[in-house]
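Step one of this worksheet: look at the structure below.
The values are calculated or read from the model by the stated rules, or taken from the named source; none is laboratory data. Bear in mind the structure is a predicted one, so any value in this text is a computation, not a measurement. Backbone-built Cβ (ideal geometry, glycine too); neighbour counts: all protein chains shown.
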Amino acid sequence: MILEILSVGLIISACLALFLDEVIYSVAALSGTFLFTALLYYVNGAIYAAIFQFAVGVGTLAILFLSGEMLSEKSSKKTSPTKFSALVGAGLVLSLPAIFLSVSGSTGAYYNTSLGNALWNLNGVDVIVQALVILTVALGIAIILYEKKGGK
């Protein structure tokens with residue numbers, strides 16, 4: 001039951017992060033996405049992956065929050081409650097398969113491997129790619145801020 005609740009929260013916060021108009025609210029919803037992902041890892045026994053996800057999420061959010069605050073135009077238009085509830089409803093509809101369908105964990109090639117071992121031993125490339133994506137985003141934002149400041 002807890003996995004379904006976390007899955008619903010993850011999908012709803014991801015929908016809000018993608019489709020909210022204001023950058024600050026979108027970054028706040030993205031923080032929920034990182035938090036729910038870390039909690040899902042923790043519940044499945046991948047404690048180190050949860051800690052890594054949380055630490056990477058905090059760093060990413062700091063960069064996105066600062067760049068969003070500095071680079072975005074201040075909009076007087078607020079997100080309407082109708083749009084917000086429509087996004088939450090869309091997230092609920094998208095999370096229905098996570099609620100009602102289950103996948104058996106004992107049919108794969110590595111069915112004796114826990115999620116924590118699979119994440120760290122079998123999918124090490126994912127961690128490296130995630131770090132490269134974050135580095136690329138940070139460098140891109142640094143270049144944009146440098147050019148906006150008046151550098152050549």
(request) Return the total of residues in the stretch 88-132 being more than 22 Å from the chain's Cα centre (by Cα), at pLDDT 70 or above and under 30 Å from ILE63 (Cα atoms). (result) 0
(request) Looking only at the stretch 20-43, count how many residues are assigned to a helix (DSSP H, G or I) and within 25 Å of LYS148 (Cα to Cα). (result) 6
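To keep it simple, each residue is scored yes or no on (1) in a helix (DSSP H, G or I); (2) at negative phi; (3) modelled with pLDDT of 80 or more.
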position: GLY45; (1), (2), (3): no, no, yes
position: SER67; (1), (2), (3): yes, yes, no
position: THR82; (1), (2), (3): yes, yes, yes
position: ALA86; (1), (2), (3): yes, yes, yes
position: ILE134; (1), (2), (3): yes, yes, no
position: ALA138; (1), (2), (3): yes, yes, no
position: ILE144; (1), (2), (3): yes, yes, no
(message) So if I check each of ALA62, ALA50, which one is more than 26 Å from LEU139 (Cβ to Cβ), within 15 Å of the chain's Cα centre (by Cα), hydrophobic (A, V, I, L, M, F, W, C) and at pLDDT 70 or above?
(response) ALA50
